[in-house]
Amino acid sequence: MGSLSLSLTDPQDQEISISSQKLDKAHLLNLFKCQQNYLNHFFHNLDISQTLAFTETLLKAEGTIFFSGVGKSGFVAQKIAQTLVSLGIKSAFLSPVDALHGDIGILSAADLLVLFSKSGNSEELLKLVPCAKAKGVYLISVTSVTPNGLTRLCDLNVHLPLERELCPFDLAPVTSTAIQMVFGDTVAIALIGARNLSKEEYASNHPAGRIGKSLIFKVKDVMKKKDELPVCREQDLIMDLLVELTSKGCGCLLVINDEYHLLGTFTDGDLRRTLKASGEGIFKLTVGETCSRKPRTIGPEAMAVEAMQKMESPPSPVQFLPVINDDNVVIGIVTLHGLVSAGL
């Protein structure tokens, strides 16, 4: 099989070459550097005034913000729509093909339709425009090639500067879709600030994911309590508590008084160390004689992710935290295993 060798030169006079028989570290690094240069061209030449007008239009939208595109631009449009939805902004993707076969019925005069297209001349989008206009929809084009058909038909236009595609043929949409994604996601982040979206509001839109759990779950939501607690009194003999130490799955005992005030903790590690140091003398030792009197603790209203951070903090990591109220009364215990099982 003969080799295929192609090359192009970027603005920094770096040569991109592709060979069907050779791929090495230098070639790959050169490709990434060239892509970086093309992305820098976008950043240096983007019209911020256009971008501000676009962002303000989205911010003031009274209806739903629909995104549309064909091919790879369509995938970008879908992703940006989903990002806005995750921010609590009414948004959706509208397939230009399906729109012409009934889905355009979802559009109303209060809506926006953002059309992503590198060339601005996609036949499917050009056919969609007059139909959307007839419904009174505000139209926005986001394109890279000028002039183009969409900019002459839309109410607002944004130009995304594209020097060329990284593809040696300057055909495969890899740089153009990268700048589309960067543009859309950056605008989305601008909308977070403009809408004063809080962490809690963002988390409420991601309740099942790690993001949401870390911002929503509190210690009281993941702690063991009541009969699940491995509690004992300081006068109890260590050897009488082995079942309690191992059966509750916490790896420790919470040493309390009659009012359930926390006096200390005794871990399975303490058991091993005491057995090594005392030998048969362990049969006469009480928990109070060997327990830790100043354990790390946490309150029930603290965030669960804070509990994990506290467990991992110096001087050494721990596997559990007693949960106490303002009166130092034990009301629960949170374990590292429990936090991981909760998806944190």
Only listed residue being within 30 Å of Ala77 (Cβ to Cβ) and either assigned by TED's automatic domain parsing to the domain that holds Val330 or modelled with pLDDT of 85 or more (or both), chosen from Ala277, Ala190: Ala190
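Give the residue that is modelled with the highest pLDDT, with candidates limited to residues of region 193-218 that are buried (at least 18 other Cβ atoms within 10 Å of the Cβ) and in contact with a strand residue (DSSP E or B) (Cβ under 9 Å, 6 or more places away or on another chain). Let's see the steps before the verdict.
So the first thing to find is which residues in region 193-218 are buried (at least 18 other Cβ atoms within 10 Å of the Cβ), and the list is 213-215, 217.
Imposing the further condition that a residue be in contact with a strand residue (DSSP E or B) (Cβ under 9 Å, 6 or more places away or on another chain) reduces the set to 214-215, 217.
Values: Ser214: 68, Leu215: 67, Phe217: 83.
For region 193-218, the residue satisfying everything is Phe217.
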Leu52, sole failed condition from (1) more than 22 Å from Ala188 (Cβ to Cβ); (2) free of Cβ contacts under 8 Å to residues at least 40 places away in the same chain: (1)
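Would region 135-143 turn up any residue that is under 17 Å from Ala61 (Cβ atoms) and in a helix (DSSP H, G or I)?
As a first pass, look at region 135-143 and keep what is under 17 Å from Ala61 (Cβ atoms): 135-142.
With in a helix (DSSP H, G or I) added as a condition, the list becomes none.
No; the residues of region 135-143 include none that is under 17 Å from Ala61 (Cβ atoms) and in a helix (DSSP H, G or I).
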Tabulated pairs, region 55-71, first in the same structural domain as Ile106 (by TED's automatic domain parsing), second among the hydroxyl-bearing types (Ser, Thr, Tyr) and part of a loop (DSSP other than H, G, I, E, B), C-beta under 6 angstrom, 6+ apart or interchain: Gly63/Ser108; Val70/Ser122
Candidate set: region 298-344, residues that are touching a Leu at 6+ places or on another chain (Cβ under 8 Å), part of a helix (DSSP H, G or I) and in contact (Cβ under 8 Å) with a residue 60 or more places away in the chain; chosen: the one surrounded by the most Cβ atoms within 10 Å (Cβ to Cβ): Ala307
Options Leu245, Leu271, Leu254; residue that is touching a residue at least 60 places away in the same chain (Cβ under 8 Å) and either more than 30 Å from Ile216 (Cα to Cα) or not in a loop (DSSP other than H, G, I, E, B) (or both): Leu254
Region 231-254 - residue that is at pLDDT below 90 and among the polar types (S, T, N, Q) and, of those, farthest from Thr286 (Cα to Cα): Ser247
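Out of curiosity, is Gly74 part of a loop (DSSP other than H, G, I, E, B) and either surrounded by fewer than 16 Cβ atoms within 10 Å (Cβ to Cβ) or modelled with pLDDT of 95 or more (or both)?
Values: part of a loop (DSSP other than H, G, I, E, B): no; either surrounded by fewer than 16 Cβ atoms within 10 Å (Cβ to Cβ) or modelled with pLDDT of 95 or more (or both): yes.
The answer is no for Gly74.
For (1) in contact with a helix residue (DSSP H, G or I) (Cβ under 9 Å, 6 or more places away or on another chain); (2) under 28 Å from Gln36 (Cα atoms); (3) touching a residue at least 40 places away in the same chain (Cβ under 8 Å); (4) assigned to a loop (DSSP other than H, G, I, E, B), each residue gets a yes or a no:
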| residue | (1), (2), (3), (4) |
| --- | --- |
| His101 | no, no, no, yes |
| Ser108 | no, no, yes, yes |
| Glu124 | yes, no, yes, no |
| Ala132 | yes, no, no, no |
| Thr146 | no, yes, no, yes |
| Glu163 | yes, yes, yes, yes |
| Asp170 | no, yes, yes, yes |
Search result, residues across region 80-93 that are touching a strand residue (DSSP E or B) at 6+ places or on another chain (Cβ under 9 Å) and either of a type in the set (Gly, Ala, Ser) or in a helix (DSSP H, G or I) (or both): Ile80, Ala81, Gln82, Thr83, Leu84, Val85, Ser91, Ala92
Extreme residue, nearest to Phe183 (Cα to Cα), among residues of region 77-106 that are buried (at least 16 other Cβ atoms within 10 Å of the Cβ) and either of a type in the set (Ser, Thr, Tyr) or not assigned by TED's automatic domain parsing to the domain that holds Phe54 (or both): Thr83
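The values are calculated or read from the model by the stated rules, or taken from the named source; none is laboratory data. Since this is a predicted model, take the numbers as computed values, not measurements. Ideal geometry is used to build each Cβ from the backbone, glycine not excepted, and the neighbour counts take in all protein chains shown.
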